[in-house]
Ligand code: ADP
Ligand code: MG
């Protein structure tokens, strides 16, 4: 679909959002099952292949864990999906029809792919509630005028997200006063305000306490289904808690993929990653 066609779809859907219905994001065709197709992706930096003929599909609504040693290409893969890095070879499709190579980073975000970076970037001088409100207003699908007060449906959505991210009691607090883990949740909440179909989380529990890590595991599991979620993490306790299908990246391509127990027992995986 062209960018212009997508904008048309978007302006048509804003009425639905204001009527309070769950906005499923613009037309992502998942009739064949997968929401993301990477096929033969290669990214070379000065001849070094950070991704090397990487092929991967993510099903609609699935929670996928990606593990692998440092330098395996996990972050580069997210850079390709979000349009930050353009592959030297291969194709990346969002659903059946949206060719990510034809979209800018902003258009990819708008199409329904949300990404959380490692460092939280919340508005420290605004309250938790205001951060979610600002994230919603930044989404032009939902609101054309920045000044208008949030509608009933929008307030409901903010409260729903506050509960989901375990910050229901912290709505009035300044974001700057939250713990590191709470800021990470708030940032996930800000992404959720834009109703992404696919969420990419790069090392979401880095720096968290054990309790925060387990709560983040719950959060990831509650997002799946409603959204497709791809989580890159090194914390194996966390991965073991949430894992359905695990993909192991090594030297820019898929080394192994399957249920956690199968992947963990794979001698090649033990050799390059788990055994160290
Ligand atoms: P991971 O996230 O799995 O640790 P990365 O995707 O960050 O791995 O990096 C994969 C490889 O690509 C690493 O060897 C890294 O040094 C290299 N790399 C990543 N980004 C760049 C870049 N912009 N320029 C040069 N090399 C890069
Ligand atoms: Mg990385």
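Filtered by the rule that a residue be over 21 Å from residue 87 (Cβ atoms) and either at pLDDT below 95 or outside any helix (DSSP H, G or I) (or both), the range 98-129 gives 116, 118, 119, 120, 121, 122, 123, 124, 125, 126, 127. Of the numbered criteria (1) over 30 Å from residue 27 (Cβ atoms); (2) within 15 Å of ligand 1 (Cβ to nearest atom); (3) touching a residue at least 40 places away in the same chain (Cβ under 8 Å), the one residue 200 fails is (1).
Filtering the range 156-166 to residues that are surrounded by fewer than 20 Cβ atoms within 10 Å (Cβ to Cβ) and closer than 17 Å to residue 126 by Cα leaves only 159. Within the set 134, 54, the sole residue that is over 16 Å from the mean Cα position of the chain (by Cα), over 25 Å from residue 257 (Cα atoms) and outside any loop (DSSP other than H, G, I, E, B) turns out to be 134. Here is a check on your reading of the model: is residue 66 under 12 Å from the mean Cα position of the chain (by Cα), within 13 Å of ligand 1 (Cβ to nearest atom), under 21 Å from residue 234 (Cα atoms) and crowded, with 16+ Cβ neighbours inside 10 Å? Against the criterion (under 12 Å from the mean Cα position of the chain (by Cα), within 13 Å of ligand 1 (Cβ to nearest atom), under 21 Å from residue 234 (Cα atoms) and crowded, with 16+ Cβ neighbours inside 10 Å), residue 66 does not qualify. For the range 72-97, the set of residues classified as within 16 Å of ligand 2 (Cβ to nearest atom), buried (at least 21 other Cβ atoms within 10 Å of the Cβ) and part of a loop (DSSP other than H, G, I, E, B) consists of 72, 73, listed by residue number. Every test in (1) assigned to a loop (DSSP other than H, G, I, E, B); (2) more than 16 Å from ligand 1 (Cβ to nearest atom); (3) closer than 17 Å to residue 202 by Cα is passed by residue 148 save one, and that test is (3). Examine the range 167-187 for a residue that is within 16 Å of residue 122 (Cβ to Cβ), touching a helix residue (DSSP H, G or I) at 6+ places or on another chain (Cβ under 7 Å) and within 16 Å of ligand 1 (Cβ to nearest atom), and state whether such a residue exists. Scanning the range 167-187, I find no residue that is within 16 Å of residue 122 (Cβ to Cβ), touching a helix residue (DSSP H, G or I) at 6+ places or on another chain (Cβ under 7 Å) and within 16 Å of ligand 1 (Cβ to nearest atom), so the answer is no.
Got at least one residue in the range 117-125 being touching a strand residue (DSSP E or B) at 6+ places or on another chain (Cβ under 8 Å), closer than 30 Å to residue 274 by Cα and either within 13 Å of ligand 1 (Cβ to nearest atom) or in contact (Cβ under 8 Å) with a residue 24 or more places away in the chain (or both)? So far as the range 117-125 goes, yes, one or more of its residues are touching a strand residue (DSSP E or B) at 6+ places or on another chain (Cβ under 8 Å), closer than 30 Å to residue 274 by Cα and either within 13 Å of ligand 1 (Cβ to nearest atom) or in contact (Cβ under 8 Å) with a residue 24 or more places away in the chain (or both). Of all residue pairs spaced 6 or more apart or on separate chains, those with beta-carbon atoms under 6 Å, a first member in the range 63-88 that is modelled with pLDDT of 95 or more and a second member that is near ligand 1 (Cβ under 10 Å from one of its atoms) and part of a loop (DSSP other than H, G, I, E, B) are 73/252; 74/68; 79/85.
Any chance the range 211-222 includes a residue that's over 21 Å from the mean Cα position of the chain (by Cα) and surrounded by fewer than 22 Cβ atoms within 10 Å (Cβ to Cβ)? Yes, that holds for at least one residue. The set of residues from the range 25-60 being surrounded by fewer than 16 Cβ atoms within 10 Å (Cβ to Cβ) and either within 16 Å of ligand 1 (Cβ to nearest atom) or at pLDDT below 95 (or both) comprises 29, 31, 32, 33, 44, 45, 46, 47, 48, 53. Scanning the range 203-235 for residues that are in contact (Cβ under 8 Å) with a residue 40 or more places away in the chain and within 16 Å of ligand 1 (Cβ to nearest atom) yields 203, 204, 206, 230, 231, 232, 233, 234.
The values are calculated or read from the model by the stated rules, or taken from the named source; none is laboratory data. Small disclaimer: the values here were computed from a predicted structure and weren't measured. With ideal geometry, Cβ positions are generated from the backbone for all residues, glycine too; neighbour counts draw on all protein chains shown.
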